[in-house]
Amino acid sequence: MKQHLPELVNLPKFDDPRGNLTFIEEKKHIPFKIKRVYWIYDVPGGQNRGGHAFREQEELIVALSGSFDIVVSYGSATQRVHLNRSYFGLYMPPGLWRHMENFSTNSVALVLSSTSYSEDDYIRDFDEFLRFKAEV
Ligand code: TYD
């Protein structure tokens, strides 16, 4: 079920006067098994994170608190997705260049990943990313 474009995933949401509840199950709401979870927080105003591509890793990015933008670059074209609800996630297939910016105060970006951390899976140079895309 590998896809080539980012996809907004509308997660289940149980509205409750005691507080809302959202959940996610691997292979059901996302097409991969969750191998790793990390989160980005305490981002100072104006800072960017995650400027790179992954060769293999798939991920789901959720604005667990606050808001931020995910900017996906396809060579010359870009797509900006603003996340500001904890019941939406952005599914990112492998082979896309992305970065996160415009973090609101106290925002938390939760990332569910299909792989263990491996620096070898990163493409951190945009020209190398373009060459990689030309090859696959
Ligand atoms: P990185 O993904 O490179 O963040 P950014 O692209 O925003 O700079 O992560 C920063 C560092 O954190 C990375 O060099 C190594 C470490 N790291 C881990 O050890 N394990 C992880 O799962 C992640 C995501 C990062």
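What residue, among those in region 27-56 that are among the charged types (D, E, K, R) and within 23 Å of residue 11 (Cβ to Cβ), is least open to solvent (accessible area, probe 1.4 Å)?
Step one: list which residues in region 27-56 are among the charged types (D, E, K, R), which gives 27-28, 33, 35-36, 42, 49, 55-56.
Restricting the remaining residues to those that are within 23 Å of residue 11 (Cβ to Cβ) gives 27-28, 33, 35-36, 49.
Details: 27: 133, 28: 138, 33: 121, 35: 137, 36: 45, 49: 125 Å².
Ranking the candidates gives 36 first.
Quickly run through region 47-100 and pick out the residues that are away from the ligand (no atom under 16 Å from the Cβ), under 18 Å from residue 37 (Cα atoms) and small (Gly, Ala, Ser).
65, 86, 89
Within region 101-117, restricting attention to residues that are free of Cβ contacts under 8 Å to residues at least 60 places away in the same chain and either within 16 Å of the ligand (Cβ to nearest atom) or in contact with a Cys (Cβ under 7 Å, 6 or more places away or on another chain) (or both), which residue is least open to solvent (accessible area, probe 1.4 Å)?
Among them, the one singled out is 101.
Of all residues in region 14-26, which are exposed (fewer than 14 other Cβ atoms within 10 Å of the Cβ) and under 16 Å from residue 111 (Cα atoms)?
Across region 14-26, the qualifying residues are 23, 25.
Are any residues in region 50-72 within 11 Å of the chain's Cα centre (by Cα) and not hydrophobic (A, V, I, L, M, F, W, C), and if so, which ones?
Across region 50-72, the qualifying residues are 50, 57, 58, 59, 69.
So which residues in region 25-45 are in a loop (DSSP other than H, G, I, E, B) and within 14 Å of the ligand (Cβ to nearest atom), if there are any at all? Show your work before the answer.
Of all residues in region 25-45, those in a loop (DSSP other than H, G, I, E, B) come to 25, 27-29, 31-35, 42-45.
Matches in region 25-45: 34, 35, 42, 43, 44.
Of a type outside the set (A, V, I, L, M, F, W, C) and assigned to a helix (DSSP H, G or I), is that true of residue 69? Write out each step before concluding.
Numbers: of a type outside the set (A, V, I, L, M, F, W, C): yes; assigned to a helix (DSSP H, G or I): no.
Judged against the criteria, residue 69 is not a match.
Results for (1) of a type in the set (Asp, Glu); (2) more than 14 Å from residue 114 (Cα to Cα), shown as yes or no for each residue.
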site	(1), (2)
20	no, yes
35	no, no
41	no, yes
48	no, yes
56	yes, no
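Working only within region 71-95, note down all residues that are within 20 Å of residue 29 (Cα to Cα) and touching a residue at least 40 places away in the same chain (Cβ under 8 Å).
The answer is 81, 86, 87, 88, 89, 90, 91, 92, 93, 94.
So, in region 72-86, of the ones that are of a type in the set (S, T, N, Q) and part of a loop (DSSP other than H, G, I, E, B), which residue ends up most open to solvent (accessible area, probe 1.4 Å)?
First pass over region 72-86, keeping only residues of a type in the set (S, T, N, Q): 73, 76, 78-79, 84, 86.
Keeping just the survivors that are part of a loop (DSSP other than H, G, I, E, B) gives 76, 84, 86.
On the way: 76: 123, 84: 71, 86: 52 Å².
Selected residue: 76.
The values are calculated or read from the model by the stated rules, or taken from the named source; none is laboratory data. Predicted model, so just to flag it, every value in this text is computed and none were measured. Note that we place each Cβ from the backbone using ideal geometry, even for glycine, and neighbour counts take in every protein chain shown. Heads up: the accessible areas ignore ligands, DNA and RNA and are worked out on the full protein's heavy atoms, side chains in. Shrake-Rupley method; radii C 1.70, N 1.55, O 1.52, S 1.80 Å.
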